[in-house]
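Each remark here refers to the structure printed beneath this line.
The values are calculated or read from the model by the stated rules, or taken from the named source; none is laboratory data. What you see is a predicted model; the values in this text were computed from it and never measured. Please note: Cβ atoms are built from the backbone with ideal geometry, for glycine as well, and neighbour counts cover all protein chains shown. Just so you know, the surface numbers come from the protein's heavy atoms only, side chains and all, with ligands and any DNA or RNA stripped out. Shrake-Rupley method; radii C 1.70, N 1.55, O 1.52, S 1.80 Å.
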Amino acid sequence: KISFITLADNNYPELLKKSGRPPFVLYVKGSKEILNSSPAIAVVGTRRITSYGEEVTRILVSDLVGSGFTIVSGLALGVDAVASAAAIGSDGKTIAVLGCGVDCVTPQENTRLYDEIIKSGGSIVSEFPLGHPPTLGSFPSRNRIIAGLSLGVLVTEGAEDSGSLITADYAFKFKRPVFAVPGPITSSLSKGPYALIQKGAKLVTNSNDIISELGISNFKFQISNKSKIPKDSNAEEILILGILENAP
């Protein structure tokens, strides 16, 4: 159940073809149609995700899926896995780009997520032939495909040396917008997004910042305004939850 698309095929992803560095062949497990069917945005970040990073990734991905976006990521631990899982949980589609053959699951901890992506109508993609193991250079190489498939790249959390910054740099080279979520200035995992903002990335506090920057006006915005305080809370519970609202 694995297919492939070459650069000469009509159904080769248009955005990737225009990126300047498209691979000659793409191996695909799952749906080939979603590679061209809806606008896609990459969501990437640190493997050492914090509770803050997890929360903002879930919120933004849920909103972007609700506005019609497909989520592109790399199936890595941390932000990548949270982004793909949040897309599936919001009844959306996700594309995972691997640094190995599409028949390999790397890391193995994400085997269940790998299966869920395919089962939910998503796609596993790679430029590497079947059975190709991950190598040191294959992950930076796949990052250009993540950026190439996407209208823009969102980094929600990452250190200064995070691999997600490689993906963002490719987006800058491909003239695609880069978006970054500001985090606590005391956190080392906020340094990546702040560095990107200094380079010209768009500061993001909600999905409307992304959608308006991309100039997409025909989407129905579905911004999350869910209160953390349940409706049936009594006065004392409301007071306690209000005090805790901005804490982990």
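Numbers for the structure displayed
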read-out	value
Euclidean distance between Cα centres, segment 65-83 to segment 96-136, Å	14 Å
Spacing of the two label points (7 Å from each Cα toward its C-beta) at LEU244 and THR186, in nm	2.0 nm
Kirkwood estimate for segment 45-99, i.e. one over the average of 1/r between Cα atoms, Å	10.8 Å
Volume per residue of the C-alpha convex hull in segment 1-107, rounded to whole Å³	106 Å³
Sparse-neighbourhood loop sites, trypsin sites (Lys or Arg not before Pro) in segment 32-89 - DSSP loop, at most 15 other Cβ within 10 angstrom	ARG48
Accessible area per residue, Å², the chain with all protein chains present, probe 1.4 Å	48 Å²
For segment 2-12, 3J(HN,Hα) per residue [Karplus equation, 6.51 cos²θ - 1.76 cosθ + 1.60, θ = phi - 60°, Hz, x = Gly/Pro]	10, 10, 9, 10, 9, 4, 7, 7, 5, 9, 5
Charged-residue dipole, Cβ positions (Lys, Arg, Asp, Glu), the chain about Cα centre, Debye nearest 20	760 debye
Under 14 Å, Cβ to Cβ, from GLU54 - net charge with Lys/Arg +1 and Asp/Glu -1	0
Acute angle (nearest 10 degrees) that the helix 79-89 long axis makes with the longest principal axis of the chain, alpha-carbon atoms	80 degrees
Equivalent ellipsoid, segment 96-230 (semi-axes from 5 times Cα gyration tensor eigenvalues, Å)	27, 20, 17
Long-range HN-HN contacts of PHE179 with modeled amide H, under 5 Å	VAL153, LEU154, VAL155, LYS202
Local electrostatic count, PHE24, Cβ distance below 14 Å [Lys/Arg +1, Asp/Glu -1]	+1
Top of ILE117, ILE146, ILE229 by mean-square fluctuation, Gaussian network on the chain, Cα under 10 Å	ILE229
Accessible area of the chain belonging to carbon and sulfur atoms, whole % at 1.4 Å probe	54 percent
Residue with peak Gaussian network fluctuation, the chain [Cα springs, cutoff 10 Å], from SER84, SER126, SER37	SER37
Value of [θ]222 nm, deg cm²/dmol, for the chain, DSSP H segments ≥ 4, -39500 (n - 2.57) each, nearest 500	-10500 deg cm²/dmol
Under DSSP loop assignment and at most 16 Cβ neighbours within 10 Å, longest chymotrypsin sites (Phe, Trp or Tyr not before Pro)-free interval of the chain	25-218
DSSP-defined antiparallel bridges as percent of all bridges, the chain, nearest 5	35 percent
Acute angle (nearest 10 degrees) that the helix 164-173 long axis makes with the longest principal axis of the chain, alpha-carbon atoms	60 degrees
Two-decimal Rg/Rh across the chain, once Rg and the Kirkwood Rh are taken from alpha-carbon atoms	0.99
Ranked packing of 150-161, 96-107, most packed first, by mean Cβ within 10 Å	150-161, 96-107
